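The values are calculated or read from the model by the stated rules, or taken from the named source; none is laboratory data. What you see is a predicted model, and the numbers here were worked out from it, not measured in a lab. Glycine also receives a Cβ, built like all others from the backbone with ideal geometry; neighbour counts cover every protein chain displayed.
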Amino acid sequence: MKRNVIDAIRDGDWFFEPEELDPSRFQATSAIPGTHDKLKILAERVRSGLPLWHERDRPDYDEYDRES
């Protein structure tokens, strides 16, 4: 059974960190930080026991057209 941060918190393990995982084993996201899409992806990573961040996740709002 995979352990995730939610299970660790329930168990009182405040120092839990998921195992290091090669970034090629899960997908990066181009979702804009703070959006519903980005939060949905982060929540799914937590539920799956994956690291919260991927080194190639979109880090900012560059090239975001606020008029669209």
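General remarks:
- For the range 1-19, residues that are in contact (Cβ under 8 Å) with a residue 40 or more places away in the chain, over 28 Å from residue 60 (Cβ atoms) and outside any loop (DSSP other than H, G, I, E, B) total 0.
- Of 52, 42, all but one fail to be part of a helix (DSSP H, G or I), at pLDDT 85 or above and surrounded by 12 or more Cβ atoms within 10 Å (Cβ to Cβ); the exception is 42.
- Residue check for residue 22: within 23 Å of residue 56 (Cα to Cα) and without any contact (Cβ under 8 Å) to a residue 12 or more places away in the chain: yes
- Across the range 55-68, the qualifying residues are those that are of a type outside the set (Asp, Glu) and closer than 20 Å to residue 26 by Cα, and the one among them that is modelled with the lowest pLDDT is 59.
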